1. Of the residues that sit in segment 1-21 and are over 19 Å from the mean Cα position of the chain (by Cα) and surrounded by 12 or more Cβ atoms within 10 Å (Cβ to Cβ), which one is nearest to ALA135 (Cα to Cα)?
2. Can you pull out the residues in segment 90-136 that are free of Cβ contacts under 8 Å to residues at least 40 places away in the same chain, part of a strand (DSSP E or B) and over 19 Å from the mean Cα position of the chain (by Cα)?
3. Would a scan of segment 62-69 turn up a residue that is β-branched (Val, Ile, Thr) and part of a loop (DSSP other than H, G, I, E, B)?
4. Suppose we filter ARG28, ARG24, ARG72 for residues that are surrounded by 13 or more Cβ atoms within 10 Å (Cβ to Cβ) and part of a helix (DSSP H, G or I); which single one remains?
5. Would you mind telling me which numbered condition in (1) free of Cβ contacts under 8 Å to residues at least 60 places away in the same chain; (2) surrounded by fewer than 13 Cβ atoms within 10 Å (Cβ to Cβ); (3) in a loop (DSSP other than H, G, I, E, B) PRO49 fails?
6. Does any residue of segment 140-163 turn out to be assigned to a strand (DSSP E or B) and loosely packed, with under 11 Cβ neighbours inside 10 Å?
7. Can you confirm whether ARG34 is among the basic types (Lys, Arg), touching a Phe, Trp or Tyr at 6+ places or on another chain (Cβ under 9 Å), at pLDDT 90 or above and surrounded by 13 or more Cβ atoms within 10 Å (Cβ to Cβ)?
8. I need the full set of residues from segment 139-178 which are of a type in the set (Asp, Glu) and without any contact (Cβ under 8 Å) to a residue 40 or more places away in the chain, in order please.
Amino acid sequence: MPPDPRPIPRFIADSSQEGVPYGRFAERLGEAFREACGRIEDLPGETAPPEKVEWFPERAWGGRVWVPATARIDSPDGPLELFGHVSYIQPEDGDPAGFRAIADFTDVLAEENPAWRIDLNDEVIGRWRGENGRAGDVTLIWGVPLVQGAQAATAQLETETVDQEPIVDNRFTLVALDALKGYGDDVFCEVKLWSRRADELASETLYAEEEPDPAS
């Protein structure tokens with residue numbers, strides 16, 4: 001076969017091995033996530049930390065295991081969603097160590113946006129560098145299908161599938177390149193949901209569409 005004209009990395013993360021965390025380990029992750037929530041500087045005052053955290057399947061990349069999370073809370077300004085992740089190092093023989101967590105919040109909620117077909121979150125966790133300045137963001141993507149019958153999720157750069165995972169407990173986690181530069185126009189990641197028969201059920205980018213200018 002001839003050389004690949006766009007030799008980008010695909011399927012760069014380990015598949016989920018443990019699925020959605022539970023039990024004592026989920027409690028340990030929850031401690032780290034709540035600490036990260038407490039460091040959010042612009043969170044409305046008198047907002048209590050989340051009691052319940054929704055975890056997503058873990059993925060391993062770059063020497064760390066990444067576990068995304070979301071949580072709903074009430075604030076003086078109304079309901080909010082906290083989102084972020086906890087990552088850690090998992091030795092082959094030994095206990096997880098080196099826990100790190102980040103968190104942020106949004107007041108843009110899925111139930112207020114009936115046109116959404118996937119409720120998505122993402123966070124850049126690394127950088128890929130190719131030849132001649134070509135590069136892309138290694139991005140952790142997690143989400144919840146808002147359509148019935150979704151069995152798998154994929155991350156795609158144009159026509160190339162760069163990651164895929166089954167949907168577990170109505171949630172999924174992907175790790176894929178985004179904002180790919182150096183191959184003509186910038187290429188952005190698109191998340192797709194698939195049925196058991198491989199029918200496409202939904203497709204969303206990681207970027208909010210701009211509202212039309214009423215003056216135009």
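The values are calculated or read from the model by the stated rules, or taken from the named source; none is laboratory data. Worth saying up front: this structure is predicted, and the values here are computed from it rather than measured. Counting neighbours? That spans all protein chains shown, and the Cβs are built from the backbone with ideal geometry, glycine included.
1. ILE8
2. ALA97, GLY98, ARG129
3. No, because not a single residue in segment 62-69 is β-branched (Val, Ile, Thr) and part of a loop (DSSP other than H, G, I, E, B).
4. ARG28
5. Exception for PRO49: condition (2).
6. No, because not a single residue in segment 140-163 is assigned to a strand (DSSP E or B) and loosely packed, with under 11 Cβ neighbours inside 10 Å.
7. Judged against the criteria, ARG34 is not a match.
8. GLU158
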